[in-house]
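What follows is one structure encoded as C-alpha cells, with my remarks underneath.
The values are calculated or read from the model by the stated rules, or taken from the named source; none is laboratory data. None of the values given here were measured: they were computed from a predicted structure. All Cβ positions, even for glycine, are placed from backbone atoms using ideal geometry, and neighbour counts span all protein chains on display. Accessible surface areas use protein heavy atoms only, side chains included; no ligands, DNA or RNA. Shrake-Rupley method; radii C 1.70, N 1.55, O 1.52, S 1.80 Å.
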Amino acid sequence: MGGTTPMHVFFEAMKQFLLSITLICCLSQSAFAQFPYGTTGLLHAPSADMQAYKTVMLGGSYLHKNATPPKWYYETYNYYVNATLFPWLEVAYTMTLFKGYALKGLKNTGSKYTNQDRHFDVRLRLWKEGWWREWTPQIVLGADDPGTSAGSTSIEKVGEKGNGYWNRYYLAMTKHLYWGGNWGLHVGYAYNKREDNPINRPTAGVNYQPEFLPSLNLIADYDALACSVGFNYALFKDAINLTAELYKCQYPSFGLYFKIHLK
C-alpha cells in the first residue's frame, strides 16, 4: 500500500536523530581523563596520551571502595582540575573526600564526609609519537601524589605509610594504530614504596575508538594491581565526557568531566 505510516515516520525520525548525535560527537582522536587520579590515562593504568595544548579539565567522580587505596573502606567521591600548560607538561590537583572524623577534636561523625585528601599529579612527555620513525611510540614520565605531609613529620613515612595514599611513579608508552577505528596500545611500569598499597610492576592496556562511533572509547587495562574494563563517551565535540568502569571487572565507578580549550 502507498503512503507513509506513523511507524515509518517514527523510525525515520529516530534514524535522523541518531545520525545527528553521531555527527555532533564525531572525533578523530581524543585523550581521556583517568578519573580516579584526575589526569590523562586509561581507567587506572597510566598511558602516554596527552591532552591538546591549553586544555583545562574540570571533573568529579564516584569511586567504589575497591577502586581506591586501602585508606578508603567506604565509597567516596573526588573532584579535580587539570591543565596542560605546555604540549609536553600536564598538571592536576585532585581532592578525594574523607569521612568518619571531624577536623577538630577528632569527633566521630559516622557516615558524614568531613575532610578531603589533596594531591598533585604531574606528567612530562619525553618523546612524541612518530618522532624519528613513524613506528616510535609516545613516552611519558609521571608522578601521582608525589609528596604530602599532613599528619606526618617524615618524608619517608609519608611515602611508605603516612599520607600520599595515591602515590605512584610511572613510565608509560603509547602507540596508536588505525584498523576499523583508532586503537591505542599502552604499556608501562608503576612504582611506589607504600606499605599498605605497594606497586612495583608492569602496567598495560588497550583502548578502541570505533570508526562508526568515534566519540566512544572502549577501555581495558591492568594497573599493576587488577584488571578493569570501562568506557569513555564524549559529547558536544569533546566538551563533556562521561566515563565508567568495572574495577576488577566487577566494582562500578563513574565520573563526569568538562574540557575547555583555551585560545
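Given the condition assigned to a strand (DSSP E or B) and either of a type in the set (Val, Ile, Thr) or more than 17 Å from Ser47 (Cβ to Cβ) (or both), answer yes or no: does some residue in the range 160-168 qualify? Please lay out each step first, then the result.
Pass one, the range 160-168, residues assigned to a strand (DSSP E or B): 168.
Remaining after also requiring either of a type in the set (Val, Ile, Thr) or more than 17 Å from Ser47 (Cβ to Cβ) (or both): none.
Looking for residues that are assigned to a strand (DSSP E or B) and either of a type in the set (Val, Ile, Thr) or more than 17 Å from Ser47 (Cβ to Cβ) (or both), one finds none in the range 160-168, hence no.
Answer yes if at least one residue in the range 191-198 is acidic (Asp, Glu) and more than 26 Å from Leu58 (Cα to Cα), and no otherwise. Give the derivation first.
So in the range 191-198, the residues acidic (Asp, Glu) come out as 195-196.
Retained after the next criterion (residues that are more than 26 Å from Leu58 (Cα to Cα)): 195-196.
Yes: one or more hits.
Hey, any hits in the range 203-211 for a residue that's touching a Pro at 6+ places or on another chain (Cβ under 9 Å) and open to solvent by 50 Å² or more (accessible area, probe 1.4 Å)? Step through it out loud before you land on a result.
First, pick out the residues of the range 203-211 that are touching a Pro at 6+ places or on another chain (Cβ under 9 Å): 203, 205.
Of the ones still in play, those that are also open to solvent by 50 Å² or more (accessible area, probe 1.4 Å) are none.
No; the residues of the range 203-211 include none that is touching a Pro at 6+ places or on another chain (Cβ under 9 Å) and open to solvent by 50 Å² or more (accessible area, probe 1.4 Å).
Please state which one of Ala67, Ala52 is on the phi < 0 side of the Ramachandran plot and open to solvent by 20 Å² or more (accessible area, probe 1.4 Å).
Numbers: Ala67 fails: open to solvent by 20 Å² or more (accessible area, probe 1.4 Å).
Result: Ala52 is the single residue among Ala67, Ala52 that is on the phi < 0 side of the Ramachandran plot and open to solvent by 20 Å² or more (accessible area, probe 1.4 Å).
For Lys193, state whether it is closer than 27 Å to Asn167 by Cα and either outside any strand (DSSP E or B) or of a type in the set (S, T, N, Q) (or both).
The answer is yes for Lys193.
Can we say Val81 is open to solvent by 50 Å² or more (accessible area, probe 1.4 Å), at pLDDT 95 or above, closer than 29 Å to Val187 by Cβ and of a type in the set (Val, Ile, Thr)? Please lay out each step first, then the result.
Values: open to solvent by 50 Å² or more (accessible area, probe 1.4 Å): yes; at pLDDT 95 or above: yes; closer than 29 Å to Val187 by Cβ: yes; of a type in the set (Val, Ile, Thr): yes.
For Val81, the condition - open to solvent by 50 Å² or more (accessible area, probe 1.4 Å), at pLDDT 95 or above, closer than 29 Å to Val187 by Cβ and of a type in the set (Val, Ile, Thr) - is met.
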